[in-house]
Structure formats: structure tokens, C-alpha cells
1. If I go through segment 109-133 residue by residue, how many of them are of a type in the set (K, R), modelled with pLDDT of 95 or more and either farther than 24 Å from E198 by Cα or touching a Lys or Arg at 6+ places or on another chain (Cβ under 8 Å) (or both)?
2. So if I check each of K225, K186, which one is under 20 Å from C85 (Cβ atoms) and touching a residue at least 24 places away in the same chain (Cβ under 8 Å)?
3. May I ask you to list the residues in segment 166-185 that are surrounded by fewer than 18 Cβ atoms within 10 Å (Cβ to Cβ) and hydrophobic (A, V, I, L, M, F, W, C)?
4. Which members of segment 131-153 meet the condition of being assigned to a helix (DSSP H, G or I) and charged (D, E, K, R)?
5. Looking at segment 104-129, which of the residues that are in contact (Cβ under 8 Å) with a residue 24 or more places away in the chain and in a helix (DSSP H, G or I) is farthest from the chain's Cα centre (by Cα)?
6. Can you tell me how many residues in segment 33-80 are under 23 Å from G203 (Cβ atoms), of a type in the set (S, T, N, Q) and modelled with pLDDT under 95?
7. Only residues that are surrounded by fewer than 19 Cβ atoms within 10 Å (Cβ to Cβ) and either free of Cβ contacts under 8 Å to residues at least 12 places away in the same chain or within 20 Å of the chain's Cα centre (by Cα) (or both): list them for segment 84-103, please.
8. Any idea which of (1) farther than 15 Å from S63 by Cα; (2) of a type in the set (K, R); (3) in contact with a Lys or Arg (Cβ under 8 Å, 6 or more places away or on another chain) is the one K186 doesn't satisfy?
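The values are calculated or read from the model by the stated rules, or taken from the named source; none is laboratory data. These figures come from a predicted structure and were not determined experimentally. Cβ sites come from the backbone with ideal geometry, for glycine too, and all protein chains shown count toward neighbours.
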Amino acid sequence: MNKKFKTDWSSAFKKMKDQNGGKKNFTDDRIYKPEFDDNGTARTIMRFLPSKDTDVPFVEVFSHYFGDVGGWFIDNCPTTLGKDCPVCKENSRIWDDDPDTVRKRKRKKSFYSNVLIIDDKKNPANNGKIFLFKYGVKIQEKIMELINDDGVMPFDYYEGANFDLKVKKVKVGRNEMPNYDSSTFKDPSSVGTDDEIEKLDGGLYPLAPFIAEDKFKSIADLEEKLFRVIGQAKTSTPAPTPPPAPKTESAPVEEDTSDFTETTSDSDDVFGEEEDDEFFNDIENG
């Protein structure tokens, strides 16, 4: 049969594969991810840097990450922007009857900052480069302790302090979780000369896009997804118990949640996920 309109796709096929390795890629190469050595530890000296487009040198983002009978719910939480959230609303409704479920669906808190990599023990090619760094409550607490207790602003070019990031894998149940307790700030120092600082200042990544409106789905879309994931119709009363969730080897990736320091989270409170103190305080106190 003569295929008059036959197309040679070989060139296009190669280009398409080269563009993303043949599969969808959600990794943000701007975000720094330390790498573990054979002993299950990672260490990097870094410097937190200022922000050029936000009032404070970091942005705070709430998100929800949980699975149920209808799949996975992986989305930013509108409370980040001071708006109502269907998941938080449903958590409040069922808190008295099912606090364990609420804790599985609770908000996770993440922070984003610019950092300069000074000494990456595993990948020295990163040294001298600016990255975005996504981290959790444990590291944020260390930042605020330095500010409140020592009067040092770690993000300052001249009077800030380098951060010695030390991460260890710790066994928690059947899982290995990253622990950051040994991470410390060094003594205050300048990050460089005026010429070096000028170059750094020009290379900062914007932080405001992480909390832009387009990073958050509409309330209606989140509500529809929530009830689909938990296997219920929208109702004010509990639905019948859904069938067991299908077993999967890992959660499907819907967005980039691969930040190292929240490998599921930042070991925030002791190991693993952060307790959402703000949420639980609100509902326990009425």
C-alpha cells in the first residue's frame, strides 16, 4: 500500500525525548537538594540570602498531601493566602469524631528562601551558586532562634551567618526520615566584598511567585477533588465507610513535592510531618 502522507517522525521523536527525557519532569532545578553519602548523612555550608520581591526574606506556604480511596490530594492550601480551605473546613467538622484522620490530612508548612552554597561536601560543583531552598519548621525555628536570642539576621549580606546544614537519616518505624537537630549557624561574617555581593544580589530568584494566586486552585476545584479523593459525596454527615484504598508502591507525582528537606517533610517536629499547631489550637479552643 502506497502511504502518500507517510511522515518520518525520527527527528521529531528524538527532540521530544531530549526535551524531557521521555517523561514528564516536575523537578525544579532551582531548588537545592543536598545528597546523602554512603553513611546516610549529608552536609552543606550555605548562606541564607535576602529577597528582592517580598517583605521578609522567605515565603511560607501551607499544603496538603494525603492519599485515600480516590487517589492522592497534593495541593497548596488557600490558608496560605488567608482564604478558606475545604480540607481545613472538613477537618474541623470531623475533629471530634475522627482526630486521627484529621492529623493525616493536616496542613504541612514549608518555607522558601534564596541560599548561596558555600561548601557542598558531596557535590562541590554547586559551590558558589545561588539556589532556592525549601525547608520546614525545624530549620525555620533555628533561624528565628538566631534572630530572637542572638540578635543576628542570618539573611544579611554583611552581618549574617553561614548555616552548617547537617542531615542524618533516622529510622522511624519502617521509614527513614531526615533529622536536622545537628544543624547550626556559625559566627556572623560578611558573605563577600561589595563587588561579590552586587553579583549575588543580581542573581536572586523571585520568591513571590510561590504565593501567587495561580499557584492555588479555586475553592470549588479543591472541594470537588477532596470529596473525590476521600470517596464521599459532598455532605454534612459522614458517608458510608469506603472500600480499602488500593495498594500502590508510591504516590503519583502531581506537583513538585520532592524538596529534600521535606522528603516527606523536614523532620519538623522530631521526625516526620509537622503538627499543625495553629489548626489544632483553633479547633480545640472552639
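1. So in segment 109-133, the residues of a type in the set (K, R) come out as 109, 121-122, 129.
Narrowing further to those that are modelled with pLDDT of 95 or more: 109, 129.
Still in the list and also either farther than 24 Å from E198 by Cα or touching a Lys or Arg at 6+ places or on another chain (Cβ under 8 Å) (or both): 109.
The number of residues fulfilling the criteria is 1.
2. Of K225, K186, the one residue that is under 20 Å from C85 (Cβ atoms) and touching a residue at least 24 places away in the same chain (Cβ under 8 Å) is K225.
3. V170, V172
4. Initial filter on segment 131-153 (assigned to a helix (DSSP H, G or I)): 137-150.
Within segment 131-153, K138, E141, K142, E145, D149, D150 qualify.
5. N126
6. Of the residues in segment 33-80, 0 are under 23 Å from G203 (Cβ atoms), of a type in the set (S, T, N, Q) and modelled with pLDDT under 95.
7. Scanning segment 84-103 gives K89, D96, D98, P99, D100, T101, R103.
8. Going through (1) farther than 15 Å from S63 by Cα; (2) of a type in the set (K, R); (3) in contact with a Lys or Arg (Cβ under 8 Å, 6 or more places away or on another chain) one by one, K186 breaks only (3).
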